[in-house]
Amino acid sequence: MKLIIGLGNPGKEYERTRHNTGFMVLDRLSEKLNIEISQSKFKGLYGKGKYKGEDVLLLKPQTYMNLSGESVSQVMDFFKINQKDIIVVYDD
């Protein structure tokens with residue numbers, strides 16, 4: 001399973017700012033891969049699907065950026081995802 005994480009900050013004040021680049025990229029990716037990011041768990045929003053036969057999980061942590069590791073570690077532990085199978089999208 002591959003985990004793609006888009007980092008951002010929750011709340012209206014951060015929408016369409018560079019701080020939410022990760023969220024915006026995941027929104028586009030979810031459209032391209034036809035994976036709906038609608039499940040709420042692990043301190044985040046996520047969706048599961050397949051790409052070229054591979055399981056893919058898209059995650060948008062709903063903590064502020066400096067706490068996003070809480071969400072990521074919960075997902076990694078639950079789905080038994082290895083670090084080498086993770087891509088993180090962020091604004092820097």
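The values are calculated or read from the model by the stated rules, or taken from the named source; none is laboratory data. This is a predicted model, so every value here is computed, not measured. Reconstructed Cβ throughout: ideal geometry from the backbone, glycine too, with neighbour counts over all protein chains shown. Heads up: the accessible areas ignore ligands, DNA and RNA and are worked out on the full protein's heavy atoms, side chains in. Shrake-Rupley method; radii C 1.70, N 1.55, O 1.52, S 1.80 Å.
Of all residues in segment 1-37, exactly one satisfies the criterion of being in a loop (DSSP other than H, G, I, E, B), free of Cβ contacts under 8 Å to residues at least 24 places away in the same chain, out of contact with any strand residue (DSSP E or B) (no Cβ under 6 Å at 6 or more places or on another chain) and under 21 Å from residue 70 (Cα atoms), namely 11. Of all residues in segment 52-92, those satisfying the criterion of being open to solvent by 50 Å² or more (accessible area, probe 1.4 Å) and under 18 Å from residue 38 (Cα atoms) are 55, 62, 74, 78. Of all the residues in segment 38-54, those that are under 19 Å from residue 86 (Cβ atoms), without any contact (Cβ under 8 Å) to a residue 12 or more places away in the chain and either touching a strand residue (DSSP E or B) at 6+ places or on another chain (Cβ under 7 Å) or among the acidic types (Asp, Glu) (or both) number 2.
Answer yes or no: is there a residue in segment 56-69 that is assigned to a strand (DSSP E or B), modelled with pLDDT of 95 or more and out of contact with any helix residue (DSSP H, G or I) (no Cβ under 6 Å at 6 or more places or on another chain). Let's see the steps before the verdict.
Initial filter on segment 56-69 (assigned to a strand (DSSP E or B)): 56-61.
Filter once more, keeping what is modelled with pLDDT of 95 or more: 56-61.
Cutting the leftovers down to out of contact with any helix residue (DSSP H, G or I) (no Cβ under 6 Å at 6 or more places or on another chain) gives us 56-57.
Yes, segment 56-69 has at least one match.
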